[in-house]
1. Once you keep just the Cα pairs under 8 angstrom separated by 6 or more residues, what percentage relative contact order results for the chain?
2. What does the accessible area of residue 223 come to, in Å² to the nearest 10, when a probe of 1.4 Å is used?
3. Stretch residue 257-residue 23 to full length: gain in nm at 0.36 nm per residue minus the Cα-Cα span?
4. If we count GluC sites (Glu not before Pro) as exposed when they sit in a DSSP loop and have at most 13 other beta carbons within 10 Å, what is the longest stretch of the chain that avoids them all?
5. Can you figure out the FRET efficiency of residue 233 with residue 272, using R₀ = 22 Å and their beta-carbon distance, to the nearest 0.05?
6. Using a 1.4 angstrom probe and counting only protein chains, how large is the accessible area of residue 131 in Å², to 10?
7. Roll a 1.4 angstrom probe over the protein heavy atoms and tell me the percent of accessible area of the chain that is carbon or sulfur.
8. Angle between the Cα long axis of helix 151-164 and the longest principal axis of the chain, 0 to 90 degrees, nearest 10?
Amino acid sequence: MQIFEDINNLQKLLKTLQNKGQTIGFVPTMGALHEGHLSLIEQSTQENDYTVVSIYVNPTQFNNASDLENYPRTLEEDAEKLETVGCDFLFFPNNKTMYPQKTSLFFDFGDLERRMEGAFREGHFNGVALVVSKLFNIVKPNRAYFGQKDWQQYLIIKALKENLFFDLEVIACPIKREVGGLAMSSRNMRLNVAQRKESVALYQALNLAKKMLQEEKASIKRTQVAVNKFLEKFTLVQLEYFEVVNSQNLKPIENIDKSQEVALCMAAYLGEVRLIDNIIFQL
Ligand code: AMP
């Protein structure tokens, strides 16, 4: 695996490969890699001739300074993991490379970002869209891979691609979970033993809600009450939001009698660690 810190050498090499008709898959990450990230990379290596992974903790998408400061940085271990899954090129830029000048560019994705992550993390999707646009222009991949774990982010990247004519395919990959069901996340390594034990409550609550809606045809209101009540039993878990939305436009679902694809999305704090999770299914 070759590691690039600057843009020019990486671009030169990728251009040569693409001129020869080779396809490039791209997996943007913030590092502290786990099996969730590796599954995206494996899919990319299967579907493309070459795979580029970026590791960059993008400051503009953090709305909380201590979250940015405490975000795990584990480059050496990451590079070893990348070798095992056949990543060809690692792009590891610094802030000066990614933001050579102060930018006031601003993205607004309308209704897609008014709820959930967009509502609770002000400016988050502006930072995501900014850095992903930069990365798409640097790497110019044929395909880019994103996790369903950040479902709202995936929809926003799809909107970004469509609005700005990025000539690439945006692909969503399934959520990888720990044995107990906790969605893998770089932030999980900040959980203490007691918090880790209670963190399984998120996925359990999502499954409880899915069962109520799908099998028992419970109302949205009753399901929300049940989820809140279930999570109250876990004293270390502080629910931030639980939403039942249409999986494509993220509008809240009012009528469960209408057949549609639903996303149940959740964010919760365990101490200072903020976790998100979701499940998507047909109503
Ligand atoms: P991050 O490093 O958190 O920015 O994540 C980089 C990419 O990996 C994003 O597209 C995430 O959605 C994806 N990802 C994060 N966690 C998981 C997971 N547990 N399973 C699958 N993909 C994931």
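1. Relative contact order for the chain comes out at 17 percent.
2. Estimated to the nearest 10 Å², residue 223 gives 0 Å².
3. In short, 79.8 nm is gained.
4. Between exposed loop sites, the widest span is 6-121.
5. Numbers: r = 21 Å, r/R0 = 0.97.
Here the calculated transfer efficiency is 0.55.
6. Its heavy atoms expose roughly 10 Å² to the probe.
7. 48 percent
8. Relative to the chain, helix 151-164 is tipped by roughly 50 degrees.
The values are calculated or read from the model by the stated rules, or taken from the named source; none is laboratory data. Here the structure is a predicted model, which means the values were calculated and not measured. No Cβ is skipped: glycine too gets one built from the backbone with ideal geometry, and neighbour counts run over all protein chains shown. The protein model used for the area step is the full one, side chains on, heavy atoms only, and it has no ligands, DNA or RNA in it. Shrake-Rupley method; radii C 1.70, N 1.55, O 1.52, S 1.80 Å.
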